[in-house]
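The values are calculated or read from the model by the stated rules, or taken from the named source; none is laboratory data. Predicted, not measured: the structure shown is a model, and the values here were computed from it. No Cβ is skipped: glycine too gets one built from the backbone with ideal geometry, and neighbour counts run over all protein chains shown.
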Amino acid sequence: MNVPDWPWTKRTSDAPTRREAEYAFSGRAAGESLEVRPLDAVDRDRFRERWAVEVRAGLLVDAYVSAGRAEDANAWLEQAAPEDPQLYPTLAELYGRSQRWTDAARAYEQALATASTSFDLRVRYASMLMNAGGAENTLKARTRLREAVKLRGTDERALYLLAQAERQTHELDAAESAARKLIAQNGKNPRGLIDSSTEPRAFT
């Protein structure tokens, strides 16, 4: 099910920046190396289509929520997403607003299944898993965050969450390594000083 092309959702340009596009499609298939690479024409068209759908869906959901109809937005996305997996990130975000961490994680997992090389979806999925809590979820989060850091090794949020996941799974050397990278990346930022008592949801 496609997102309605509402008049107020049209933009003067639907072109993503080169940086966004290159990070969004950093590999051709789930089994390939997670390295940033230039896009070909097919990839650019795929990214542009996905980007446009997500923008329209996000605006429509915001309109529902602003009108006090968040449940209607949930219902529409839950019905539409299985037919149009590009809507799963929007559904996950809406679940996250309601602190439905487990539902949000499941939605991001579905989104990642159709965008297996996405850095952002990996980090969002991991964040929701850690918010949901539990040993199994933390292990899953750690795996995805390790993948994310391979994709973008200086990203502040990914490093922060990875340090938390490593600590919570008792990989203390790895936790210290991630924390030191974060501190070196931006030592003046308070978030760079990893506090073992900080809850992951504080970063969402």
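Of the candidates Ala202, Ala184, Ala179, Ala107, the single residue that is part of a helix (DSSP H, G or I) and modelled with pLDDT of 95 or more is Ala107. The residue pairs whose first member lies in segment 98-120 and is surrounded by 22 or more Cβ atoms within 10 Å (Cβ to Cβ), whose second member is in a loop (DSSP other than H, G, I, E, B) and of a type in the set (A, V, I, L, M), and whose beta carbons are closer than 6 Å, counting only pairs six or more residues apart or on different chains, do not exist in this structure.
Of the residues making up segment 127-171, those that are of a type outside the set (D, E, K, R), more than 21 Å from Gly96 (Cβ to Cβ) and assigned to a loop (DSSP other than H, G, I, E, B) are Gly153, Thr154, Thr169, His170. Of all residues in segment 63-81, those that are farther than 14 Å from Ser98 by Cβ have Cβ atoms under 6 Å from Cβ atoms of residues that are among the hydrophobic types (A, V, I, L, M, F, W, C), 6 or more apart or on another chain, in Ala80/Met1; Ala80/Leu87; Ala81/Leu87; Ala81/Leu91. Would you be able to tell me the number of residues in segment 127-161 that are in contact (Cβ under 8 Å) with a residue 60 or more places away in the chain and either in the same structural domain as Ala174 (by TED's automatic domain parsing) or among the hydroxyl-bearing types (Ser, Thr, Tyr) (or both)? Residues in segment 127-161 being in contact (Cβ under 8 Å) with a residue 60 or more places away in the chain and either in the same structural domain as Ala174 (by TED's automatic domain parsing) or among the hydroxyl-bearing types (Ser, Thr, Tyr) (or both): 5 in total.
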